[in-house]
Amino acid sequence: MAGRLVGKVALITGAAGGIGRATAELFAREGAQLVLADLGSPQDSTADVLRLPLDVSSESQWEAVAEATRERFGRLDVLVNLAGIVDWPGIEGTTQADWDRVIAVNQTGTWLGMKAMLPLLRASGAGSIVNTSSVLGLIGSGAAAAYQASKGAVRLLTKTAAVEYATRGVRVNSVHPGVIATPMIQEILDEQGDQQPDIVRTPMRRAGQPHEVATLYLFLASDESSYVTGAEFVVDGGLTAH
Ligand code: NAD
């Protein structure tokens, strides 16, 4: 059977992270050519995988990534915005520097990515953007003030982009993971295990694995979701169902 992303070029940010790595591996298995971007020095690229350094909060770095993608592959069909950082303090405990950093990466970074890549995605004719919010972009937790604000913004930025580009060949959707076992929260999971309060509140009573989130990105990246835009998809073991 042909892969579900054969003929497509997909760019994934935060590609060295837990969900990013799982998504990149799945997309490669489904036949996509990949641009994998993250902080730091990238490993070697191959014929089908271009690895690039990118700080998503930098417009000039996004422009360089767009140019390198155009040069190498001549097209882009899918943008997966996965880069993100978390900061746990609430309203009074958050410093302005930490607030600015979280907003710059999670919120401004998502907008800059769409802005830089939309010319290529429009030219694709069947472009798909998948932005990463969180269950914390949907419901309050009483903590993580900057993170919650940034993820709430990603949710509505996604919807307005979906409306703006609905007849211009680009679909835009958001993914809202619950508790997923990745380096972002590994310390908490190591300390608290299944007694971690959000896992206790999760009806399935366990953390999700990165590959269980990657399959949702695959659906939204592929043409199987051709009538899906402006929608939000939770993958949370039932956490937001009650
Ligand atoms: P992770 O920490 O494993 O991966 C995040 C990646 O983003 C890392 O590789 C990191 O280097 C990269 N990154 C951070 N700042 C960057 C920047 N300025 N520019 C480019 N890359 C940058 O975490 P993860 O769990 O894989 O997170 C992926 C996404 O999923 C994030 O947006 C996160 O907010 C979201 N999310 C995660 C969970 C969870 O429980 N793990 C839950 C909800 C949402």
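Considering Asp100, Asp44, Asp87, which residue is acidic (Asp, Glu), over 22 Å from Leu218 (Cα atoms) and touching a helix residue (DSSP H, G or I) at 6+ places or on another chain (Cβ under 7 Å)?
On the way: Asp100 fails: touching a helix residue (DSSP H, G or I) at 6+ places or on another chain (Cβ under 7 Å); Asp44 fails: touching a helix residue (DSSP H, G or I) at 6+ places or on another chain (Cβ under 7 Å).
None of the others qualify; the one that does is Asp87.
Considering only segment 18-33, state which residues are in contact with a Gly (Cβ under 8 Å, 6 or more places away or on another chain) and either in contact (Cβ under 8 Å) with a residue 60 or more places away in the chain or near the ligand (Cβ under 8 Å from one of its atoms) (or both).
Kept after step one, since they are in contact with a Gly (Cβ under 8 Å, 6 or more places away or on another chain), are these residues of segment 18-33: 20, 29-32.
Gly20, Glu30, Ala32, listed by residue number.
Looking only at residues in segment 191-200 that are free of Cβ contacts under 8 Å to residues at least 40 places away in the same chain and within 14 Å of the ligand (Cβ to nearest atom), which one is farthest from Val135 (Cα to Cα)? Before the answer, list the steps.
Just the residues of segment 191-200 that are free of Cβ contacts under 8 Å to residues at least 40 places away in the same chain, to begin with: 191-197, 199-200.
In the following step, the residues that additionally are within 14 Å of the ligand (Cβ to nearest atom) were identified as 192, 196-197, 199.
Working: Gln192: 20, Gln196: 16, Pro197: 14, Ile199: 13 Å.
Per the stated criteria, the residue is Gln192.
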Members of segment 69-100 found to be under 22 Å from Arg122 (Cβ atoms), away from the ligand (no atom under 15 Å from the Cβ) and outside any loop (DSSP other than H, G, I, E, B), listed by number: Thr69, Arg70, Glu71, Arg72, Phe73, Val78
Tell me, which residue of segment 39-65 that is more than 15 Å from the ligand (Cβ to nearest atom) and outside any loop (DSSP other than H, G, I, E, B) is surrounded by the most Cβ atoms within 10 Å (Cβ to Cβ)? Leu50
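Would you mind stating whether Gly140 is surrounded by fewer than 16 Cβ atoms within 10 Å (Cβ to Cβ), out of contact with any strand residue (DSSP E or B) (no Cβ under 7 Å at 6 or more places or on another chain) and outside any helix (DSSP H, G or I)? Steps first, answer last, please.
Values: surrounded by fewer than 16 Cβ atoms within 10 Å (Cβ to Cβ): yes; out of contact with any strand residue (DSSP E or B) (no Cβ under 7 Å at 6 or more places or on another chain): yes; outside any helix (DSSP H, G or I): yes.
The answer is yes for Gly140.
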For Thr23, all conditions in the list (1) in contact with a Pro (Cβ under 9 Å, 6 or more places away or on another chain); (2) over 27 Å from Gly137 (Cβ atoms) hold save one; what is the number of the exception? (2)
Residue under question is Arg155, and the condition is that it be over 27 Å from Asp98 (Cβ atoms) and either within 15 Å of the ligand (Cβ to nearest atom) or assigned to a loop (DSSP other than H, G, I, E, B) (or both); does it hold? no
Being within 15 Å of the ligand (Cβ to nearest atom), touching a residue at least 60 places away in the same chain (Cβ under 8 Å), of a type in the set (A, V, I, L, M) and surrounded by fewer than 22 Cβ atoms within 10 Å (Cβ to Cβ), is that true of even one residue in segment 227-235? yes
Do you know which residues across segment 123-137 are surrounded by fewer than 23 Cβ atoms within 10 Å (Cβ to Cβ), within 9 Å of the ligand (Cβ to nearest atom) and without any contact (Cβ under 8 Å) to a residue 60 or more places away in the chain? Leu136
Would you please name the residue that is farthest from Gly14 (Cα to Cα), looking only at residues in segment 104-115 that are surrounded by fewer than 23 Cβ atoms within 10 Å (Cβ to Cβ) and more than 9 Å from the ligand (Cβ to nearest atom)? Lys115
What about Leu36, is it in contact (Cβ under 8 Å) with a residue 24 or more places away in the chain, buried (at least 24 other Cβ atoms within 10 Å of the Cβ), farther than 30 Å from Ala143 by Cβ and touching a strand residue (DSSP E or B) at 6+ places or on another chain (Cβ under 6 Å)? yes
Those residues of segment 212-226 that are surrounded by 14 or more Cβ atoms within 10 Å (Cβ to Cβ) and either touching a helix residue (DSSP H, G or I) at 6+ places or on another chain (Cβ under 6 Å) or in a helix (DSSP H, G or I) (or both) come to a total of 10
Give the residues of segment 165-190 that are away from the ligand (no atom under 15 Å from the Cβ), loosely packed, with under 13 Cβ neighbours inside 10 Å and not in a loop (DSSP other than H, G, I, E, B), sorted by residue number. none
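Read-outs: derived from the displayed coordinates by stated rules, not from any lab. Just so we're clear, the structure is a prediction, and the values are computed from it rather than from any experiment. Here the Cβ is made from the backbone with ideal geometry for all residues, glycine too, and neighbour counts use every protein chain on show.
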